[in-house]
Amino acid sequence: MQLHIQQVLPTYFEETIKARSEIWGKDLLFSKGEMIKIVAPSGSGKTSLVHFLYGLRKEYNGTIRYDNTNIKDLNAEGFAGFRKNNISVVFQDLRLFPEQTILENLEIKRELNPYHPQEKVLEMAERLGIASRLDRKARICSYGEQQRAVIIRALLQPFDFLLLDEPFSHLDTENAKKAMALMLEEAEKRKASIVFADLERIDYFPHTRLLHL
Amino acid sequence: MALNYKTIKPLLLTGSNATSRAFSYIGLTVGILLLLCSVQMFINIQQLLKKNDIRKNGFEYISISKMVTNANMGKDNRFTTADLNELKAQPFIDGAAPLLPNEFKVVAGAGSMIPFSSDIFIEALDNEFIDTVPPNFTWQEGQQSIPVIFSSDMLEMYNVFAPSYDLPQMSPATASNVNLSLRCEGALGEMSFQANIVAFSDRVSSVLVPENFLAWANKKLEGIDSVKGSRVFIKTKDANDEKLLRFLDEKGYRVNKERAALGRSRALLQGIISGLGLFGLLVVLLALMLFSFYLQLVVARSKDNLQLLITLGYSPSWLSKNLAKRFVPVYIIVVLIALSVTQLIQWGFHHFVMYDRPELSSYIHPSVAIIAAVLAIASIIANYGMIKRLLHKIA
């Protein structure tokens with residue numbers, strides 16, 4: 001699968017931003033397997049970009065295509081299929097069901113399109129150090145624990161592109177490295193691409209392309 | 001692997017309003033019950049009245065005459081050809097035939113067996129309109145013996161008065177064996193015939209002779225080619241049809257009183273029952289509306305969770321289908337309760353109010369069950385459509 005970003009600019013951004021951005025207003029083609037690092041300072045539209053790529057918002061000009069599918073043409077059902085099979089995401093704002101346990105949160109995603117058996121969930125939780133938190137309601141877990149849960153959740157389905165929006169904002173470097181390693185392993189299994197948007201460069205993400213937003 | 005609704009079940013219906021749900025269920029049950037009972041009672045009335053109809057080949061025959069009032073007393077109140085054509089042209093009238101009278105004087109005697117003679121009137125009617133027409137009810141010119149169809153009512157009346165006049169009472173079989181003599185006197189002459197009663201009619205209160213005989217005799221004795229009748233028989237599918245009764249009222253035609261009264265009371269009863277049915281339908285609609293508010297509340301309360309499920313890749317259609325499925329048993333139970341209570345009411349009505357009259361059944365009519373099934377299916381579909389719309393709105 002390939003991701004085409006053509007002349008995309010949020011409707012609420014001024015045209016002038018195109019001149020200093022390597023993404024807004026440009027034509028880009030990302031192929032499966034590429035590791036793309038997007039470095040973006042606050043307010044440059046990082047979350048907007050991830051939301052556009054995941055189809056959560058449509059306030060942009062230009063086109064975003066997965067192969068030949070313009071995602072602006074997809075309806076809710078069409079997106080459901082894409083999100084189930086082709087794109088996975090780690091949101092900056094986490095988005096867990098607060099009243100469900102961490103395990104329930106993970107199962108809700110895993111059952112949608114199981115790529116791994118349930119045992120794998122436990123194994124991943126152990127690797128990221130949240131195994132003891134699996135039976136806790138999400139709302140009483142720390143942000144760091146929640147963020148690790150969200151990372152595991154993103155890895156429980158098949159995908160061609162894994163979108164990351166500041167995935168380590170609540171993690172210390174050691175935990176971030178563990179999480180990154182897990183994500184790289186899982187992407188490798190699927191021969192998938194990672195689109196990693198963050199405030200700054202991170203050494204432990206072996207990017208093949210580096211773009212400034 | 002098929003998706004499991006159980007996993008996401010706790011995410012929905014959070015904080016659902018039990019009172020509002022209970023009220024909508026109760027309302028729905030009461031509404032459907034009212035509707036089903038109305039339909040069943042409507043059918044009961046139809047069945048009760050059908051039994052009293054005098055029918056032939058699925059048609060009813062009623063006689064009408066022009067109302068004689070002070071205003072039209074001196075005028076000719078017989079039916080003209082135009083009147084007949086107008087009657088026949090009505091969509092609710094399948095045929096009309098006049099009861100043609102004799103224009104000459106007829107004296108009937110019973111010979112030596114019963115010393116009795118009286119002026120009588122004879123009439124003729126299209127055979128199709130007579131309830132009992134034996135094959136020998138025919139006459140040809142030159143035939144001395146006239147077949148006669150006698151009114152059952154008139155025989156009964158004779159039997160009531162016969163003892164007072166020292167006359168023998170007669171059964172229909174005996175009456176059929178009596179040789180009657182008919183002396184017909186007109187301006188152009190006088191003739192005598194033999195007459196035999198060949199059948200008794202419950203429908204026509206008259207002495208009927210074959211049409212061609214009456215036409216021949218009117219011409220022969222009075223020189224009259226065509227006569228007009230003051231009574232007309234109407235063939236209709238429903239003698240209690242409101243449109244028919246209204247038309248007859250408008251024209252000033254008088255119908256058999258008992259029958260008309262029956263038709264009018266049926267119209268009134270059916271009006272009341274239809275009103276009740278409409279009220280039931282209204283209650284059903286209100287209950288469904290209440291239920292839709294409850295559903296909107298459920299979706300609004302679970303909005304964040306539903307939105308996140310859709311964000312994670314859950315299909316809005318799958319979610320709507322599964323959410324709607326939760327209410328299928330509710331609708332089925334509600335309709336089954338309403339149907340059972342209707343059955344109980346019908347049994348009670350038949351047994352205690354109608355004392356097991358054979359024209360009614362203790363069981364509900366199949367159409368009531370069909371309506372119940374249609375209501376259940378329609379509610380389920382409406383419910384599904386509404387949930388789907390709500391979910392696509394938040395997707």
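Table for the structure above
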| item | result |
| --- | --- |
| Efficiency of FRET between A:L210 and A:Y115 - r from beta-carbon atoms, R0 41 angstrom, step 0.05 | 0.90 |
| Shielding of A:76-84 by partner chains, average beta-carbon count, 10 Å | 5 |
| Shielding score for A:95-103, defined as the mean number of other chain Cβ atoms within 10 Å | 3 |
| Hz values of 3J(HN,Hα) by residue in the range B:335-344 - Karplus curve (6.51, -1.76, 1.60), Gly and Pro given as x | 5, 5, 4, 4, 5, 5, 5, 4, 4, 5 |
| Radius of gyration and maximum dimension Dmax of chain A, Cα, Å | 16.7, 51 |
| Degrees, to the nearest 10: B:211-222 long Cα axis against longest axis of chain B | 40 |
| Column: log10 I(q)/I(0), Debye, Cα scatterers of the protein assembly as shown, q = 0.05, 0.11, 0.12 Å⁻¹ | -0.51, -1.06, -1.15 |
| Cut-off under 5 Å, modelled amide H: who pairs with B:I120 long-range | B:V106, B:V107, B:A108 |
| For the range B:289-331, Kirkwood radius (reciprocal of mean inverse C-alpha pair distance, Å) | 11.1 |
| C-alpha long axis of helix B:18-50 to longest principal axis of chain B, angle in ° | 10 |
| Approximate spin-label separation A:D93-B:K237, in nm, with each point projected 7 Å along Cα-to-Cβ | 6.6 |
| J(HN,Hα) series, the range A:133-142, from Karplus relation 6.51 cos²θ - 1.76 cosθ + 1.60, nearest Hz, glycine and proline x | 9, 4, 8, 8, 5, 4, 5, 9, 8, 6 |
| Nearest 10 degrees, 0 to 90: helix B:152-161 Cα axis against chain B principal axis | 60 |
| Vicinal HN-Hα couplings computed from phi for the range B:303-315 (Karplus, 6.51 cos²θ - 1.76 cosθ + 1.60; Hz; Gly/Pro x) | 3, 4, 5, 5, 4, 5, 4, 5, 4, 6, x, 6, 7 |
| Net charge of Cβ neighbours under 9 Å - reference B:S320; Lys, Arg +1; Asp, Glu -1 | +3 |
| Estimated D of chain B in µm² per second, where Rh is the Kirkwood radius over Cα pairs and Stokes-Einstein applies at 37 °C, 0.692 mPa s | 122 |
| Two-site FRET efficiency, B:V374 against B:T81, from Cβ-Cβ distance with R₀ of 41 Å, rounded to 0.05 | 0.25 |
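Read-outs throughout are calculated quantities, based only on the coordinates presented, and are distinct from any laboratory measurement. A quick note: this is a predicted structure, and the numbers were derived from the prediction, not measured. When we count neighbours, we look across all protein chains shown, and the Cβ atoms used for this are built from the backbone with ideal geometry, even at glycine.
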